[in-house]
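Chemist: My structure is below; once you've seen it, I'll send some questions.
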Amino acid sequence: MTTSPSSDALRAWFLGPRAENAELLERLLTEALRDHVFWRRNFHPEDGLTIREMDKRREGYDQAVATLTQELMGLLAELKRGVPFFSGRYKGHMAFEQTIASQVGYFAAMLYNPNNVAIEASPVTTRLELEVGSQLARMMGYDPERSWGHLTSGGTVANFEALWVARNVIYFPLAARGAADELGVELEVECPGGKRGRLGELDLWELVNIHPSHAMDLWDALWQAAPRKDVQAALHRHSLQTLGYQEYIARLDRAFGDPLPPSVVLVAATAHYSWEKIVRALGIGSNQLVFVPVDSHYRMDPDALWEKIRELSDRRVPILACISVCGTTEESAVDRLDRVLEVRERARKELGVSFHVHSDACYGGYAAAVTWDGEGNRRSAEAIRRSVNGDGPADPVRQGWPSQEWVRSMEALAGADSVTIDPHKLGYIPYPAGAIVFRDRRVRELVAIDPPYLLPTQGLGSSEDLFLGRFVFEGSKPGAAAAAVWLSHKVLPLDERGYGYLVERTVAGARKLYTTLSELDADPFRLILLPEPDINIVCFLVTHPSLKTLSEVNRLNEGIYARMSLSVPGAQPRYIITRTRFQTPMYDGAVDPVLERLGVGSVEDWKAGGTEGLVVLRSTVMDPFLADPDTPDHATGLARTLLEEAALALGEAKEPPA
Ligand SMILES: *Cc1c(COP(=O)(O)O)cnc(C)c1O
């Protein structure tokens, strides 16, 4: 096979399935440890020793060391019952091993235990975190000068912050209106329809439909219109943040005589379950989570989105945000974000409706690296296709990726108001590492808080930027995670040379698995593949001519899953996959063709089945070596195992004779 600098480098990026790079990792970890030891030894050497050599000869000391050693051995033995994410045989959840860079970066910084809540507890790693934030923002296509990003413990918290901010931005013009009245200042704002208007003359519906950027312009204007402390006090008296929902709504009713219906959040039907938690936690309420149907490729349907918005606007229901997904958790589907943004623009023009657009790219965010070359220019779909397919004969499945539309969807991330990206997924970084980036850095002021004991010292050159706890939901968080992401981004740049290459290889691997499964002679079984993945998750299910009902088919696939997962204690599966359950009404738009091929009833029957849904087997290909012809052929291995396990599971799947 042909090699390139990136394909050579790939072999140095990971410890390897057989720990082939053990020496390298050991050398770097030892280096990090020794360097830390030097630091301690050279820190006020005049202090002398606290633990003396003679102390180490005492019985209690010996005992403590013996306990430590013994217990560690126990822990190490236990840990081997963990999940072999590193192996080519693991094709389950969105997890693989981590880059050596991130492991070493984490370990090195962990010895210093920095806390990125504030610069005084993390003089080095807070800066690394902000650097990483701006790298991710740049990968999304944001202007690094105007955007802002930081790390979180994961995608759930990052998504929480996105909606927390979005809600405050959407409601800000209302608070500004109250504050401006009180301060006796007149402000102008760009109205939903496009013309400028006087803030004091807008009605409630117009106030909750101001475009997020214009809401932030209003923020600037308000702070310039009166002394700082007066604005702060007035805003406190009028913002949802201080008042809470109950008091806020009661006041709206008094002030406008017009209590609007509760505001909603639009989400793609494929959205991660964290959104349900978030609307509950924010007091928005899960009834206000409105699912937008997906198409047969599991992408949010833009026409359905438009219909929903029109219907909501007819009923004067405010929309806080629209959550689009880049890389769905189940299928790695990439929403047509460019079209979602077009729908928002149309809603603004035709309906006077606006809202925050968020892309949940927790899984797929790093795939944006594919669209950048080493010079900071975008790559065309064709250029990417050439590099994925290499010089070899391109089979039809692999050849098609990525489409023009896929590249446009990725480029459209630049137009989202916020994006969440999990370095601990396609970034191959150890947990915990999520991230959020906002297009307009001003929005963080809407959630900022000023605890007196953490306020930066004025005039000592410490900028408020370095006190992250002021703007983010979490408090203490590991600076080691920031060091891990930072070092990994240094070794694998966020473009075609680094992460872009890595993601491309996983796509090639997923396509290889897809092709292998589609060419498999499954007789007497039938293997049904769901549409080709937008990134690297392959979904399929197995059926047999003797299975007559959906329940039987579901049982067969549950049986296969039980045999090919670690869900049963003590199981030693040869290959590991996962499964999901497509449910109504979320997947109504997607299951029709699958049910037809299964021949076990219509969508109507499926809907009538309620929560039983459709069991789908799922294989996440994060393994960058799968497509490599010089490595074990785990695609064929997985396919064969699937059929063998299906044969064993078949008996249990059938309905017992009545
Ligand atoms: C994984 C995931 C999340 C949640 O992220 P955590 O890091 O597990 O909290 C949210 N959205 C999507 C699309 C995801 O794939």
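Chemist: Okay, helix-only estimate at 222 nm for the chain: each DSSP H run of n ≥ 4 adds -39500 (n - 2.57), divide by all residues, round to 500 deg cm²/dmol; what do you get? Can you show the working numbers first?
Modeler: Numbers: 22 runs with 293 residues, N = 658.
After summing the helix terms and dividing by the residues of the chain, the value is -14000 deg cm²/dmol.
Chemist: For residue 34 and residue 112, what does the FRET efficiency come to when R0 = 22 Å and r is the distance between their Cβ atoms, rounded to the nearest 0.05?
Modeler: Values: r = 14 Å, r/R0 = 0.64.
The formula returns an efficiency of 0.95 here.
Chemist: Calculate, for residue 449 and residue 203, the FRET efficiency according to 1/(1 + (r/R0)^6) with r their C-beta to C-beta distance and R0 45 Å; round to the nearest 0.05. Can you show the working numbers first?
Modeler: On the way: r = 31 Å, r/R0 = 0.70.
It comes out at approximately 0.90.
Chemist: From the residues 466, 179, 351, which one has its Cα farthest along the dipole of the chain in the positive direction, the dipole being from +1 and -1 charges on Cβ of Lys/Arg and Asp/Glu about the Cα centre?
Modeler: After comparing all options, I get 466.
Chemist: Could you run the Karplus curve 6.51 cos²θ - 1.76 cosθ + 1.60 with θ = phi - 60° over the range 139-146 and give me ³J(HN,Hα) per residue in whole Hz, x for Gly and Pro?
Modeler: So the Karplus estimates, Gly and Pro as x, are 4, 6, x, 6, 6, x, 6, 9 Hz.
Chemist: Okay, moving on. Enumerate the calculated ³J(HN,Hα) couplings along the range 155-169 in order (Karplus 6.51 cos²θ - 1.76 cosθ + 1.60, θ = phi - 60°), each rounded to whole Hz, writing x wherever the residue is Gly or Pro.
Modeler: Rounded to whole hertz, the list is x, 4, 5, 5, 5, 4, 5, 4, 6, 4, 5, 4, 4, 5, 5.
Chemist: Distance from the Cα centre of the range 67-84 to that of the range 612-642, in angstrom?
Modeler: Measuring centre to centre over Cα atoms gives 30 Å.
Chemist: Next question, about the same structure. Report, by chain and number, residues whose modeled amide H sits under 5 Å from the one on residue 152, excluding near sequence neighbours (fewer than 5 apart, same chain).
Modeler: 434, 435, 436
Chemist: What's the longest bit of the chain with no exposed chymotrypsin sites (Phe, Trp or Tyr not before Pro), using DSSP loop states and at most 13 other Cβ atoms within 10 Å as the test? Numbers along the way, then the final one.
Modeler: On the way: sites that count: 43, 273.
So the longest stretch without any such site is 274-658.
Chemist: Longest exposed-loop-site-free stretch of the chain, with trypsin sites (Lys or Arg not before Pro), DSSP loop and at most 16 other Cβ within 10 Å?
Modeler: On the way: sites that count: 18, 52, 58, 80, 81, 146, 195, 315, 316, 548, 574, 654.
Segment 317-547 is the longest.
Chemist: Hey, if you drop one equal point scatterer on each alpha-carbon of the range 155-421 and run the Debye formula without solvent, what base-10 log of I(q)/I(0) do you get at q = 0.14, 0.15, 0.16 Å⁻¹?
Modeler: Results for the range 155-421 at q = 0.14, 0.15, 0.16 Å⁻¹ read -0.97, -1.08, -1.19.
Chemist: Straight-line reach from residue 490: which lysines have a Cα under 26 Å away, not including same-chain ones fewer than 8 places off?
Modeler: Residue 490 reaches 425, 477.
Chemist: For the modelled label position 7 Å from the Cα of residue 230 along Cα-to-Cβ, which residues of the range 181-220 have backbone nitrogen atoms closer than 16 Å?
Modeler: Backbone N within reach: 181-187.
Chemist: Report the FRET efficiency, 1/(1 + (r/R0)^6), for residue 630 and residue 551, where r is their Cβ-Cβ distance and R0 is 35 Å, rounded to 0.05.
Modeler: Numbers: r = 44 Å, r/R0 = 1.25.
Plugging the Cβ-Cβ distance into 1/(1 + (r/R0)^6) gives 0.20.
Chemist: Magnitude of the Cβ-charge dipole of the chain, K/R +1 and D/E -1, about the Cα centre, nearest 20 debye? Don't jump to the answer; show the numbers that get you there.
Modeler: Values: 70 positive and 89 negative charges, 129 e Å.
Here the size comes out at about 620 debye.
Chemist: Quote the charge dipole size of the range 2-56 about the Cα centre in Debye, to the nearest 20; the model charges only the Cβ of Lys and Arg (+1) and of Asp and Glu (-1).
Modeler: On the way: 8 positive and 10 negative charges, 20 e Å.
That gives the range 2-56 a dipole magnitude of about 100 debye.
Chemist: Please list, in order, the residues from the range 270-303 whose amide nitrogen is less than 18 Å from a point placed 7 Å along the Cα→Cβ vector of residue 245.
Modeler: 274-291
Chemist: Here's a follow-up. Decide, for the chain, between rounded, prolate and oblate: order the square roots of the alpha carbon gyration tensor eigenvalues as a ≥ b ≥ c, take rounded if a/c falls under 1.5, and otherwise choose prolate if a/b is larger than b/c, else oblate. The partial results should precede the final answer.
Modeler: Numbers: a/c = 1.83, a/b = 1.12, b/c = 1.63.
Cα axes put the chain in the oblate bin.
Chemist: Still on this model: Answer rounded, prolate or oblate for the range 34-107, using the Cα gyration tensor with square roots of eigenvalues a ≥ b ≥ c: rounded when a/c is under 1.5, else prolate when a/b is larger than b/c, else oblate. Don't jump to the answer; show the numbers that get you there.
Modeler: Working: a/c = 6.01, a/b = 1.69, b/c = 3.56.
Oblate, because a/c is 1.5 or more while a/b does not exceed b/c.
Chemist: When we measure straight from the Cα of residue 277, which aspartates and glutamates land under 17 angstrom away, once same-chain ones fewer than 8 places off are left out?
Modeler: List returned: 161, 360, 474.
Chemist: What list of ³J(HN,Hα) values in whole Hz, one per residue of the range 428-434 in order, does the Karplus curve 6.51 cos²θ - 1.76 cosθ + 1.60 (θ = phi - 60°) give from phi, with Gly and Pro shown as x?
Modeler: 6, 10, x, 5, x, 7, x
Chemist: Next up: Could you point to the residue in 107, 292, 302 farthest towards the positive end of the chain's charge dipole, with +1 and -1 charges on the Cβ of Lys/Arg and Asp/Glu respectively?
Modeler: Value computed over the given set: 107.
Chemist: Among the lysines, select those whose C-alpha is under 30 Å from the C-alpha of residue 654, and discard any that sit fewer than 8 residues away in the same chain.
Modeler: Result set, ordered by chain and number: 91, 548, 607.
Bear in mind these aren't lab numbers, they're just calculated from the coordinates by the rules spelled out. Keep in mind that what you see is a predicted model, and the values were worked out from it rather than measured. All Cβ positions, even for glycine, are placed from backbone atoms using ideal geometry, and neighbour counts span all protein chains on display.
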